[in-house]
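The values are calculated or read from the model by the stated rules, or taken from the named source; none is laboratory data. Being a predicted model, the structure only gives us computed values, none of them experimental. When we count neighbours, we look across all protein chains shown, and the Cβ atoms used for this are built from the backbone with ideal geometry, even at glycine.
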Amino acid sequence: MKKLSILFLCAAGCAAAPEPPPGLDLSTATLIDLSYTYDEDTLYWPTSPTDFILEELDYGPSEDGYFYAAYSFCTPEHGGTHLDAPIHFAEGGRTVGEIPVRQLIAPGVVIDMSEQASQNPDARLSLDTVTAWEEAHGPVPEGAIVLLRTGWGSRWPEALPYLGDDTPGDASNLHFPGYGEEATRYLVEQRRVGALGVDTASIDYGQSQDFIAHQIAAAGGVANLENVARVDELPETGFWVIALPIKIGKGSGGPVRIVALIP
């Protein structure tokens with residue numbers, strides 16, 4: 001099989017790519033699916049009016065003798081493994097359909113705060129934790145996709161342990177970790193990352209009332225990836241992330257298939 005470099009994913013004329021991890025060969029790379037399946041177990045924000053609905057249109061032999069299956073599906077934008085577009089929290093921000101592909105295919109970074117989160121479900125990523133990561137690995141690359149590891153992925157898909165509360169229609173008693181304000185400003189405004197991801201239901205911690213991490217990210221044109229699966233299987237650096245959502249033209253978010261590529 002001919003060896004392919006990840007750099008070829010960027011067509012001529014697109015924005016300059018961040019420096020890739022060395023030695024990444026698509027023919028031999030390890031691929032990790034960071035997405036949860038959409039089905040009857042998918043978790044949504046408690047105030048979502050519906051959840052995932054799959055309706056069978058056809059299933060079985062056709063009149064001409066061949067097998068045929070077709071379905072329709074319906075889902076709120078913000079549930080399961082999904083992307084938040086900047087317009088979700090910034091008037092005039094980019095919609096899902098307007099986010100450049102270059103922003104969604106980029107080197108990945110994992111910042112671990114699972115120890116803090118195990119002691120406090122309302123923990124937030126601190127700037128000190130980010131700078132400690134940089135002392136060990138160097139600066140977070142411009143354009144990188146940052147994934148926050150809290151350890152919450154082991155709780156999916158049980159609503160009570162994952163969200164901190166399972167009361168339908170009530171989002172006031174949620175408890176899970178997320179990004180802190182200082183850390184978010186640093187990553188968005190100084191490191192100019194392309195996306196912020198997390199293995200919880202939101203980049204803001206569960207008890208947030210102002211969703212400041214969303215506001216900062218959206219103002220900076222940064223996309224969010226929420227309910228990211230299998231972050232515990234990733235190294236802290238040296239891999240690529242491909243996070244491509246359904247291209248909903250005016251969408252504020254939508255389901256996303258996320259894949260990590262590890263040399």
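Condition first: farther than 12 Å from V146 by Cα and either assigned to a loop (DSSP other than H, G, I, E, B) or in contact with a Lys or Arg (Cβ under 9 Å, 6 or more places away or on another chain) (or both). Now tell me which residues in segment 221-233 satisfy that.
G221, N227, A229, R230, D232
Scan segment 60-74 residue by residue and report those that are outside any strand (DSSP E or B) and closer than 26 Å to Y38 by Cβ. Outline the logic, then answer.
Initial filter on segment 60-74 (outside any strand (DSSP E or B)): 62-66.
Matches in segment 60-74: none.
Name the helices (runs of 4 or more DSSP H) wholly within segment 80-142 that hold at least 1 residues that are within 20 Å of the chain's Cα centre (by Cα) and over 24 Å from Y205 (Cβ atoms)?
Numbers: elements: 101-104, 114-119, 127-137.
Per the criteria, 101-104.
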Inset, instruction - Would you be able to say whether some residue in segment 189-205 is closer than 15 Å to I111 by Cα, more than 16 Å from the chain's Cα centre (by Cα), surrounded by fewer than 21 Cβ atoms within 10 Å (Cβ to Cβ) and not charged (D, E, K, R)? - result: no
Inset, instruction - Scan segment 154-167 and give yes if some residue there is surrounded by 24 or more Cβ atoms within 10 Å (Cβ to Cβ) and outside any helix (DSSP H, G or I), otherwise no. - result: no
Legend entry - Contacts under 7 angstrom Cβ, first residue in segment 159-172 being closer than 19 Å to P49 by Cα and among the β-branched types (V, I, T), partner surrounded by fewer than 17 Cβ atoms within 10 Å (Cβ to Cβ) and modelled with pLDDT of 95 or more, 6 or more apart: T167/N173
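Here is a yes/no grid of residues against (1) surrounded by fewer than 20 Cβ atoms within 10 Å (Cβ to Cβ); (2) among the small types (G, A, S); (3) at pLDDT 95 or above:
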| position | (1), (2), (3) |
| --- | --- |
| L57 | yes, no, yes |
| G60 | yes, yes, yes |
| F67 | yes, no, yes |
| T75 | no, no, yes |
| V109 | no, no, yes |
Legend entry - Checklist (1) in contact with a Leu (Cβ under 8 Å, 6 or more places away or on another chain); (2) surrounded by fewer than 20 Cβ atoms within 10 Å (Cβ to Cβ) applied to K247, failing item: (1)
Legend entry - Residues satisfying the stated conditions in segment 39-53, i.e. in a loop (DSSP other than H, G, I, E, B), more than 16 Å from Y162 (Cα to Cα) and either of a type in the set (S, T, N, Q) or in contact with a strand residue (DSSP E or B) (Cβ under 6 Å, 6 or more places away or on another chain) (or both): S48, T50, D51
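Please determine whether any residue of segment 198-212 is β-branched (V, I, T), under 14 Å from L148 (Cβ atoms) and touching a helix residue (DSSP H, G or I) at 6+ places or on another chain (Cβ under 6 Å). Give the steps one after another, and end with the answer.
Initially, segment 198-212 is screened for residues β-branched (V, I, T), giving 198, 200, 203, 212.
Next cut, under 14 Å from L148 (Cβ atoms) only: 198, 200, 203.
Among the residues that remain, those that are also touching a helix residue (DSSP H, G or I) at 6+ places or on another chain (Cβ under 6 Å) are: 200, 203.
For segment 198-212, residues β-branched (V, I, T), under 14 Å from L148 (Cβ atoms) and touching a helix residue (DSSP H, G or I) at 6+ places or on another chain (Cβ under 6 Å): present.
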